[in-house]
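Contents: one structure, followed by commentary.
The values are calculated or read from the model by the stated rules, or taken from the named source; none is laboratory data. Only a predicted model underlies this, so the values are computations on that prediction, with no experimental measurement involved. Using ideal geometry, Cβ is built from the backbone for each residue, glycine included, and neighbour counts are taken over all protein chains shown. Note: areas computed on protein heavy atoms with side chains; ligands, DNA, RNA excluded. Shrake-Rupley method; radii C 1.70, N 1.55, O 1.52, S 1.80 Å.
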Amino acid sequence: MTSAIDSYRAAVPVHLESWDLVDPARLLRDLSAATPLHTRRSLLCQVLRPATDQILVAHTDAWPAGRPADDMQAQDELEEAMRRIGHRDYEWDDDVRLTSAVVTVVIREGRAVPKASDFAVRSVLRYANNPFQVLKGDLIIVTPHGWITAFDELAGLEPVAVVADPADALAARRLRRG
């Protein structure tokens, strides 16, 4: 009898790892159909069989009220986000754990290039995922200029981020310019 993980591993193309997305743009299109890609959001996406079928199972804001300044509070809230996308504490099932991945999507203004601040969610997720059965997929940065994956270095012009509040964006630009 073949397990789900064996079947999945056999189907994964040789140029991908089991946690890699076969088509990041498709994931972003699926995500944008489910929720607006507004700037100042960080999302966790549960993706079943990311390297083959790539099914978006669930998504949630990493920090609905904005990222806490304290890393311990950020980690606690990210653990709650993991529960919202279907993870259960300390229930290990290799077939589930190894045939899905959590993809992090940071939606912000600016150019579609990775910045140190984009890795904040990923950094906290490193410890917040300890009680769960999670393979971490790529980090995708989405801006009004397009998107880029931080690790695979794939990019595209669509879909794009929508500025959450144009007045806030204009005020932020004015502050940066002095």
Helices (runs of 4 or more DSSP H) within segment 68-161 that include 2 or more residues surrounded by 14 or more Cβ atoms within 10 Å (Cβ to Cβ) and of a type in the set (Gly, Ala, Ser): 71-84, 120-128
Residue that is least open to solvent (accessible area, probe 1.4 Å), among those in segment 29-61 that are touching a residue at least 60 places away in the same chain (Cβ under 8 Å) and in contact with a helix residue (DSSP H, G or I) (Cβ under 6 Å, 6 or more places away or on another chain): Leu44
Within segment 108-145, residues being farther than 13 Å from Thr39 by Cβ, free of Cβ contacts under 8 Å to residues at least 40 places away in the same chain and of a type in the set (Val, Ile, Thr) number 1
Filtering segment 15-56 down to residues that are in contact with an Asp or Glu (Cβ under 7 Å, 6 or more places away or on another chain) and of a type in the set (Val, Ile, Thr) yields Thr39
Search result, residues across segment 146-158 that are β-branched (Val, Ile, Thr) and without any contact (Cβ under 8 Å) to a residue 40 or more places away in the chain: Ile148
Give just the number: which of (1) open to solvent by 60 Å² or more (accessible area, probe 1.4 Å); (2) at pLDDT 95 or above; (3) not charged (D, E, K, R) does Ala167 not satisfy? (2)
Which listed residue, of Arg88, Arg41, Arg9, is modelled with pLDDT under 95, within 17 Å of the chain's Cα centre (by Cα) and among the basic types (Lys, Arg): Arg41
